[in-house]
Every structure is written in structure tokens, then in C-alpha cells.
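**Q** Dumping the structure here so I can ask a few things about it.
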Amino acid sequence: MCHLLQKLLQQSRAAPIDEDFDGDFELATLRPFLGSDDEKVNVHVFINGVLAKGLIDTGAKSNHIALSFIQRAHLAVQTSKKVEKVVLTIKGSAVATRSICSAHVQLCNRTYDIVKFILMNGLLWDVILGCEFLKLHESVQFNFGGPEQSLQLGVLEPLKCPNPVRLFEHMTPDCHPIAAKSRNYTKADHEFIETQVLQLLADDIIEPSISLWRAQLVIAQSENHKKRLCVDYTQTVNKFTNLDAYPLPKHTEYCKQSGKL
């Protein structure tokens, strides 16, 4: 089986297998790559009939393919009308690209006709299969062979909220859109804002919109120099928000009660 795999690798111009490997090699099964000193779960997958090394990455929203593999497998590259932005968590930066590729995928004896990939340069794997591919299935199971019982994640039922609270429910009658003036940011702040916004978009926490309102971003920094992205609403919706008139006790009463304890 090992000699047959080497022949397939040569035909597909893939990296040669370790000559010292004498075990059973399973195509399209979960197995760490040879010579890897980490314990990441990798897959062997066929892309348009060409053997590739890939990674199942639940942290990636889209599927990615390496530029070197596209050249090796002679895949056609297309230009997308939409700019695909990818946040690199390791480097803390973002990459924008319009280059995409569609290909047939064979994995675990299954065939997927058209799978979209975003072209990336410098990947450690030939392909990365992200949540866009994983969500095609009802569930995906990883067998690690550990001593504990199986652990199932994502099985909690969503919280039922029949009457959700409106965000801008208590506004004054004279409420009208306000566009706050732009702030001055340093180059480092611009890079931080871009990275955070792309990450929030990737996590579906925010979405693009067109509005007459404009509140400015504020970068807050703690004592340990960790930055946080905040929004300054003091010049916009806060001006038209009715404040709660809940009566708060005097602090002197709290002091008296504390003294009686």
C-alpha cells in the first residue's frame, strides 16, 4: 500500500511520503501527518483527483486552499465580485483577496461536487476545511481514542425569549440621526480597529449597514496595556435616551446599616 501511495503522490506532484514509514496508510481518514511533532488532527483528501494534505479547522469560517497546491494541481482560479477578508489570529492581522477556486472534494469515501475555496498564500496545509464545509453535515465526529467517554458539544437548546427587549425603546420624541465627527487615530489604532471589525464580522456579531447615524469608535486600554474596542454613544443616541428614575437609597443609610452589623 505504501508503494502505491508513493506512485499516486508522484503523479499528483504531492510531497513524497516518509521512506521509514512501514505502517498502514489510510486515505481520507483522520490521521496526524508523518513527522509532525504536534497533535493536530489532519486529513488526507483528494481535490479534483489530486491527493492533498488538509486540516479540519472549526475556527475557520470558510475553506482555504494554498497557492502552491493550486499551481501543483493546475486548478483554475476565479475572481470573486465580493472581497473575501480573512482574519489571521496568529499574526493578528487581516488579509483581503478576490481569488477563489471551486473544486471536487473526496473525503472519507464521500464526494462533494462543488466546494468553494479562498486562495491563501503561505498555508501550512494544502487545504483547510472550515465551518462552511462542516455545516454541510448534521454532525462531524473525531475519534481520538482517549480513555474518557465521548464528549458532545453544541447540543444545548437555544434560550427561548418570547418578548425580547428593544435596544432603543425609551427614546425622546425629538430623536433624530446624528453623525459624530471623525476622530484621529494612530496607525496602530487603525490596524487594531480593522482587525477587530473583521473578527466581529466573521463571528456574526455585527453586520454591514447603511445608516444616517454615526458613532465613533474609542480604543480603551487597561493597566496591562490590553486594548478594547468601544463605541462612544454620548454624542448620538445617549442624547435622546430617557433615563431611569428609579429611586436609589442614600449612601448615608448604607453606612448606618453597615455600622449596626
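The values are calculated or read from the model by the stated rules, or taken from the named source; none is laboratory data. Fair warning: this is a prediction, and the values are worked out from it, not measured in the lab. Positions of Cβ are backbone-derived with ideal geometry, glycine not excepted, and every protein chain shown enters the neighbour counts.
**Q** Which residues, counting only those in segment 173-212, are surrounded by 10 or more Cβ atoms within 10 Å (Cβ to Cβ) and polar (S, T, N, Q)?
**A** Passing the criteria: THR195, GLN196, GLN199.
**Q** Name the pairs: first residue in segment 124-150 and over 21 Å from ASN48 (Cβ atoms), second residue outside any loop (DSSP other than H, G, I, E, B), Cβ to Cβ under 6 Å, at least 6 apart or on different chains?
**A** Going by the 6 Å Cβ cut-off, the qualifying pairs are VAL140/LEU134.
**Q** If I ask for residues that are loosely packed, with under 11 Cβ neighbours inside 10 Å, modelled with pLDDT of 85 or more and not in a strand (DSSP E or B), which ones from segment 213-251 would you list?
**A** Across segment 213-251, the qualifying residues are LYS226, ASN242.
**Q** Kindly establish whether PHE117 is within 21 Å of the chain's Cα centre (by Cα), modelled with pLDDT of 90 or more and either under 22 Å from ARG72 (Cα atoms) or of a type in the set (D, E, K, R) (or both).
**A** When the stated conditions are applied, PHE117 passes them.
**Q** So how many residues does segment 96-152 have that are assigned to a loop (DSSP other than H, G, I, E, B) and of a type in the set (D, E, K, R)?
**A** 4
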